[in-house]
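Trainee: Below is a structure I'd like to ask you about.
What follows is calculated from the coordinates using simple rules that are stated; it is not laboratory data. The structure displayed is predicted, hence computed values, not measured ones. All Cβ positions, glycine included, derive from the backbone under ideal geometry; neighbour counts span all protein chains shown.
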């Protein structure tokens with residue numbers, strides 16, 4: 001991705017290589033490859049694919065191990081709550097940012113899950129670096145990761161009760177920040 | 001014994017009304033306090049830097065050579081609460097960190113003072129969110145608030161000088177709150 | 001000869017969250033066997049302030065103020081990364097003058113960050129001099145930032161499509177005059193530390209990360225480059241003045257070298273940081289004499305950047321333009337969609353994943369913090385070492401709690 005608007009034609013030509021390999025290997029999945037920003041006509045070269053949750057682990061393992069794809073670095077795991085988003089059909093979009101060091105390519109993989117009990121298989125068996133970002137998604141959104149070695153809250157504390165980055169949770173919180181014993185000079 | 005009023009210099013008693021220091025013993029004790037113990041205390045305030053975020057960097061800059069808090073005798077940043085006098089809470093304090101801050105405050109030995117450095121420690125600052133305490137004075141007592149985001153080192157030095165003015169007017173024992181006095185600085 | 005019992009002498013120690021050497025609010029739960037670390041469980045989140053939630057309530061220019069407070073050693077770099085992501089979202093190309101100025105700010109911010117991280121790493125090992133010397137030079141750079149934007153520390157220096165304001169005409173000369181001094185201090189730090197027997201014994205072979213582990217743990221920045229991972233976003237996904245043809249006239253990208261080390265230990269990370277500082281100063285030297293003239297804000301007609309104050313006060317169009325940007329029922333109108341923009345900051349790849357629903361605030365503003373990914377690897381790096389190695393490794397990883405917890 002270059003800073004600018006028009007992508008290099010060489011870059012454009014090899015963007016869909018990973019998508020092509022995915023479609024060849026997993027013919028039954030509709031990956032719906034699209035630019036991340038598809039509402040205007042500027043090509044930024046950032047491609048995302050949709051993967052259903054039951055095929056996610058197989059697809060990710062293929063993306064890491066296949067020599068043409070070779071996405072050996074998991075840059076980020078995040079989640080987007082599409083509750084108020086125009087035109088959204090599912091609520092939680094768990095988004096994986098992948099990077100191939102050898103080919104210098106990126107790919108975004110989205111896996112959509114819904115309430116109640118949103119659950120996604122963990123990627124810690126494939127990339128060790130998925131550990132804490134997945135804990136963070138669990139903490140802030142409530143999406144569970146099946147098979148995670150240590151799935152507990154990371155940013156807030158045990159007993160916080162809510163998942164703060166969900167859209168229905170207010171910015172100022174529900175009183176968690178005031179609920180604590182007070183010390184005055186007399187008491188301490 | 002009471003505390004000196006900043007403006008008149010008279011000793012203020014327990015009822016809050018100024019009275020004239022009559023006996024020579026009173027005046028002698030006051031002198032010893034002001035030019036002896038409190039003088040020594042105010043020029044050797046050892047800070048306990050509870051630095052969490054960006055203000056901690058400005059705290060370090062204050063301790064570095066350009067702004068040099070060593071001029072005030074306060075360069076000995078003692079990270080042990082038992083050995084320090086002033087808790088400088090520099091940076092935003094989320095509610096998850098509040099127990100830690102309270103524990104440190106309790107462990108500090110008397111006499112102790114607290115500087116709330118920066119907008120985030122004083123009022124929550126930019127962060128009116130679910131996690132940030134809107135001012136550490138909601139949970140621990142604070143003596144001096146230093147505004148700024150982050151405060152320039154000169155502002156922090158002014159805050160330390162304000163603590164020095166408070167120290168100067170202390171009683172020998174920490175008696176301000178217990179006597180229910182309003183301290184004028 | 002002492003035979004170690006199978007169970008050993010295990011005990012648990014809390015390291016932090018308030019500790020002089022934890023660089024902020026980092027908490028480690030250590031299971032120790034005497035002095036040796038058997039297991040280390042880092043607890044984070046003590047500085048979690050809800051930055052990402054704030055991003056949904058502040059618009060694209062207001063949020064830059066919050067990004068300053070993420071990696072607070074180099075605030076300008078965070079500003080630039082955020083607006084790089086915003087400009088990717090909006091699809092804006094910057095003016096050449098803006099690109100040069102942003103590159104200069106980014107490299108100055110990198111020097112700021114490395115001075116403190118190297119200084120703090122040395123401080124934790126007992127070398128107070130390096131810390132204080134580094135801080136002196138940081139004050140010089142603070143002065144330069146203050147001249148450029150008014151704030152020495154939390155700069156908020158960029159806006160969508162441009163900068164907060166253009167530099168004063170004396171700024172390039174001030175930078176040039178101070179560059180030799182900043183460069184000399186790097187040499188002083190090198191003389192103090194690189195061949196210092198004590199420093200070498202404390203950092204060589206400590207906290208080793210292999211090349212494959214570095215990739216698996218998603219390490220980026222000096223931590224990865226010290227393990228031999230050849231990745232630098234300025235070369236691999238070039239932006240600003242590192243991209244070929246950046247000024248629209250086919251000019252070549254700014255030449256510089258990316259230091260790669262092979263050791264993967266604390267000493268290697270330290271050396272990589274020192275060399276990166278030298279390279280950054282080289283980039284600044286090349287650019288400072290050639291700041292192209294012209295406007296600093298791109299696309300002034302498209303209501304993305306605030307107009308000049310004279311226009312606001314003296315013409316109705318300027319006033320309306322200002323209101324269109326600033327009033328809460330107006331503001332930005334980005335396209336609907338998602339974008340990711342990342343820059344190579346001093347700690348690694350700082351990326352922002354922005355989801356826009358067409359409104360003036362981001363729908364979701366995710367920050368991909370390099371410190372979070374770097375710190376994950378810490379427990380694996382420190383196992384088997386001793387307590388005193390913790391500070392060496394923490395210092396070399398440069399974990400910033402503000403970025404880690406957001």
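Trainee: I'd like the orientation of helix C:387-397 relative to chain C: the angle between its Cα long axis and the longest Cα principal axis, in ° from 0 to 90, rounded to 10.
Mentor: The helix C:387-397 is inclined about 20 degrees to chain C.
Trainee: Sticking with this structure for a sec: Using the count of nearby Cβ atoms within 10 Å as a rough guide to exposure, how do C:19, C:211, C:114 rank from fewest to most? Write out the running numbers ahead of the final one.
Mentor: Working: C:19 18, C:211 14, C:114 28.
Ranked by crowding around the Cβ, least crowded first: C:211, C:19, C:114.
Trainee: Compute the whole-percent fraction of alpha carbon pairs in region B:47-170 spaced more than 23 Å apart.
Mentor: Details: 1696 of 7626 pairs.
Everything past 23 Å amounts to 22 percent.
Trainee: Give the Kirkwood hydrodynamic radius (Å, one decimal) of region C:168-224, defined as one over the mean of 1/r across all pairs of different Cα atoms.
Mentor: Final number for the Kirkwood radius of region C:168-224 is 14.8 Å.
Trainee: Now for a separate question. For C:97, C:368, which order do you get if you count the other beta carbons within 10 Å of each Cβ and list the fewest first? Could the numbers behind the result be given before it?
Mentor: On the way: C:97 20, C:368 25.
Least to most surrounded, the residues fall as C:97, C:368.
Trainee: Could you work out Rg/(2.2 N^0.38 Å) for the protein assembly as shown, with Rg from alpha carbons only?
Mentor: Cα Rg divided by the expected 2.2 N^0.38 Å: 0.99.
Trainee: Rounded to a whole number, what is D in µm²/s for region C:133-262 from Stokes-Einstein with the Kirkwood radius over alpha-carbon pairs (20 °C, 1.002 mPa s)?
Mentor: Rounded, D is 117 µm²/s.
Trainee: Something else about it: What is the Cα centroid distance between region C:159-204 and region C:272-318, reported in whole angstrom?
Mentor: Cα centroid to Cα centroid, the span is 21 Å.
Trainee: Please state the Cα pair-distance histogram of region C:187-257 with 10 angstrom bins from zero: what percent is in each bin?
Mentor: P(r) for region C:187-257, in whole percents per bin: 17, 28, 30, 20, 5, 0.
Trainee: Residue by residue through C:148-155, how many Cβ atoms from other chains fall within 10 Å of the Cβ on average?
Mentor: 3
Trainee: Jot down the per residue volume, in cubic angstrom and as a whole number, of the convex hull over the alpha-carbon atoms of chain A.
Mentor: Spread over its residues, the Cα hull of chain A gives 171 Å³ apiece.
Trainee: Compute the angle between helix A:131-141 and the longest alpha-carbon principal axis of chain A, please, reported from 0 to 90 degrees and rounded to the nearest 10.
Mentor: 60
Trainee: Please quote Rg/Rh for region C:70-125 to two decimal places, taking the Kirkwood radius as Rh and restricting both calculations to Cα atoms.
Mentor: 1.13
Trainee: As I understand it, the value is the acute angle between the Cα axis of helix A:56-65 and the longest principal axis of the Cα atoms of chain A; what does it come to in degrees, rounded to 10?
Mentor: Its long axis makes an angle of about 60 degrees.
Trainee: Right, another one. Determine Rg/Rh for region A:84-188; Rg is computed over alpha-carbon atoms and Rh is the Kirkwood hydrodynamic estimate from the same atoms.
Mentor: Using Cα coordinates only, the ratio equals 1.10.
Trainee: Within the P(r) computed for region A:21-77, what percentage of the Cα pairs occupies the region above 18 Å?
Mentor: Everything past 18 Å amounts to 40 percent.
Trainee: Then there is this: Regarding region C:292-406, what's the average projected area of the Cα-atom convex hull, expressed in nm²?
Mentor: Working: hull surface 44.3 nm².
One quarter of the hull surface, i.e. the mean projection, equals 11.1 nm².
Trainee: I would also like to ask the following. If we count other beta carbons within 10 Å of each Cβ, what is the order of C:82, C:11, fewest first? The partial results should precede the final answer.
Mentor: On the way: C:82 28, C:11 11.
Starting with the residue having the fewest Cβ neighbours, the order is C:11, C:82.
Trainee: Moving on to the next point. Normalised radius of gyration for region C:30-87, please: alpha carbon Rg relative to 2.2 N^0.38 Å, two decimal places. Working shown, then result.
Mentor: Working: Rg = 17.4 Å, N = 58, 2.2 N^0.38 = 10.3 Å.
After normalising by residue count via 2.2 N^0.38 Å, the value is 1.69.
Trainee: From the gyration tensor of the Cα coordinates in region C:50-190, what semi-axes in whole Å does the equivalent ellipsoid have, largest first, with each one equal to sqrt(5λ)?
Mentor: Here the semi-axes work out to 28, 19, 11 Å.
Trainee: Taking the Cα centre of each part, how many Å lie between region A:17-76 and region B:145-169?
Mentor: 56
Trainee: Which whole-number percentage describes the relative contact order of chain C, with Cα contacts under 8 Å and a sequence gap of 6 or more?
Mentor: Contact order relative to length: 26 percent.
Trainee: Compute the separation of the alpha-carbon centres of region A:154-188 and region B:38-74 and state it in Å as a whole number.
Mentor: 31
Trainee: For region C:138-203, go through all pairs of different Cα atoms, get the mean of 1/r, take its inverse, and jot down that Kirkwood value in Å.
Mentor: 14.2
Trainee: Now a separate question. If the convex hull of the alpha-carbon atoms of chain C is projected onto planes in all directions, what is the mean projected area in square nanometres?
Mentor: It is 21.0 nm².
Trainee: Rounded to whole Å and sorted largest first, list the principal axis extents of the Cα atoms in region C:243-316.
Mentor: 63, 28, 22
Trainee: Additional query: Considering every residue in B:52-63, what mean count of other chain Cβ atoms within 10 Å of its Cβ is obtained?
Mentor: Averaged over the peptide's residues, the number is 6.
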